[in-house]
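Asker: This structure is in structure tokens; I'll ask about it shortly.
We did not get these values from a lab; they are worked out from the coordinates using the rules stated. Note that the coordinates shown come from a computational prediction; the quantities given were computed from them, not determined experimentally. All Cβ positions, glycine included, derive from the backbone under ideal geometry; neighbour counts span all protein chains shown.
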Amino acid sequence: MSELRERIQQVIESEDVAIFMKGTPQFVMCGNSHRALDALRSVGAPVTAVDVLPHPEIRQELSALSGWPTIPQVFVRGELIGGADIVEELNETGELAEKLRESLGAEYSTGEERVVDVLAAAP
Amino acid sequence: MSATERLRALLEQAFPDAEQLEVHDRTGGGDHFQVVVAAPRLRGLPLLEQHRLVNQALAEPLADGTIHELRIKTRGTT
């Protein structure tokens, strides 16, 4: 397994909520990434974002791992939740907040946002 | 064949008994699409699996760059 794939997998598995998106939460570069992020923000999810744009391999390795072809991709504690449409729909039905409470506990809603660079050398 | 027609043909192949099957070219540019599929095959499946089946049907245009952006709306029917 490539080093990059390992790092991506580590983010998926170790972060409470990971979103692989085009751009960053501060500077979103795509409508669908924006919609997914908005849904996560509206329920106060703690978000760890990975920008897939800096290198095409990020997206290739991610899709190879997840079996999901499009961006964004949202994971909760290692489980693929879906892309923008699914996250938005789950938010509308209240299932998104429910899923977060179930997986992260009642106090999940920190609204913290951070960005992880998977291309950077591991510390 | 336009990209819209190609997507529709692929979806019809994957969901031959669909009750509703729509492909919208959202921007008119032939690369931002919204698809709507309501089919018996989707019934009872979690949303993730419903979308996975649509993605699988459109794997080729997703991989070759025809689809730049895809929005999916699915529903299971009886």
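Asker: Just to be sure I follow: if Rg is taken over the C-alpha atoms of segment A:3-105 and Rh is the Kirkwood radius over the same atoms, what is Rg/Rh?
Answerer: Values: Rg = 12.5 Å, Rh = 13.4 Å.
Rg divided by Rh gives 0.94.
Asker: Let me know the charge dipole size of segment A:3-105 about its Cα centre in debye, to the nearest 20, where only the beta-carbon of Lys, Arg (+1) and Asp, Glu (-1) is charged.
Answerer: Working: 9 positive and 17 negative charges, 44 e Å.
That gives segment A:3-105 a dipole magnitude of about 200 debye.
Asker: Here's a follow-up. State, to one decimal in nm, how far the label point of residue A:10 lies from the label point of residue A:65, with both points 7 Å from Cα in the Cβ direction.
Answerer: My value for the distance between the label points is 1.0 nm.
Asker: What is the distance in Å between the Cα centres of segment B:42-61 and segment B:62-77?
Answerer: Here the answer is 9 Å between Cα centres.
Asker: Which GluC sites (Glu not before Pro) does segment B:13-78 hold that lie in a coil by DSSP with at most 16 other beta carbons within 10 Å?
Answerer: Numbers: sites: B:19, B:22, B:49, B:69; in loops: B:19.
Within segment B:13-78, the qualifying GluC sites (Glu not before Pro) (loop, at most 16 other Cβ atoms within 10 Å) are B:19.
Asker: Sort A:103, A:33 so the one with the fewest other Cβ atoms within 10 Å of its own Cβ comes first.
Answerer: A:103, A:33
Asker: Here is a follow-up. If you fit an axis through the alpha-carbon atoms of helix B:47-57 and take the longest principal axis of the Cα set of chain B, what angle between them do you get, 0 to 90°, nearest 10?
Answerer: The angle comes out at about 50 degrees.
Asker: Mean-square fluctuation check for chain A, GNM, Cα pairs under 10 Å: which of A:106, A:36, A:49 is largest?
Answerer: Comparing A:106, A:36, A:49 in a Gaussian network model of chain A, the most mobile one is A:106.
Asker: For residue B:68, put the label point 7 Å out on the Cα→Cβ axis and report which residues of segment B:20-55 keep their amide N under 14 Å from it.
Answerer: In segment B:20-55, the label zone of residue B:68 (backbone N under 14 Å from the point 7 Å along Cα→Cβ) covers B:25-34.
Asker: Springs between alpha-carbon atoms under 10 Å, Gaussian network over chain A: tell me which of A:82, A:111, A:23 tops the mean-square fluctuations.
Answerer: Maximum fluctuation in the GNM of chain A, among the listed residues, is at A:111.
Asker: Once the piece of chain linking residue A:3 and residue A:93 is laid out straight, how much longer is it, given 0.36 nm per residue of separation minus the C-alpha distance between them?
Answerer: Gain on extension, residue A:3 to residue A:93, equals 28.6 nm.
Asker: Nearest 10 degrees is fine. How inclined is helix B:3-14 to the longest principal axis of chain B, computing both from alpha carbons?
Answerer: Compared with the principal axis, the helix lies near 20 degrees.
Asker: Same structure, new question: Given a Förster distance of 45 Å, report the FRET efficiency between residue A:107 and residue B:1 from their Cβ-Cβ distance, rounded to the nearest 0.05.
Answerer: Efficiency computed from Cβ-Cβ geometry: 0.25.
Asker: As a check on your grasp of the helix formula, calculate [θ] at 222 nm for chain A: sum -39500 (n - 2.57) over DSSP H runs of n ≥ 4, divide by the residue count, round to the nearest 500.
Answerer: Calculated mean residue ellipticity at 222 nm is -13000 deg cm²/dmol.
Asker: Here is a follow-up. Once Rh is set to the Kirkwood radius over Cα pairs, what Stokes-Einstein translational diffusion coefficient, in µm²/s, holds for the protein assembly as shown at a temperature of 37 °C and a viscosity of 0.692 mPa s?
Answerer: Values: Rh = 17.5 Å.
For the chosen part, D equals 188 µm²/s.
Asker: Once both labels are modelled 7 Å past Cα along the beta-carbon direction, what's the residue A:117-residue B:20 spacing in nm?
Answerer: 4.6 nm
Asker: Out of the DSSP beta bridges found with both residues in segment B:3-76, what percent are antiparallel (nearest 5)?
Answerer: 45 percent
Asker: Another question about this same structure. When only Cα pairs under 8 Å and 6 or more residues apart are kept, what is the percent relative contact order across chain A?
Answerer: 35 percent
Asker: What are the radius of gyration and Dmax of chain B, computed over its Cα atoms and given in Å?
Answerer: Cα-based Rg and Dmax for chain B come out at 11.7, 35 Å.
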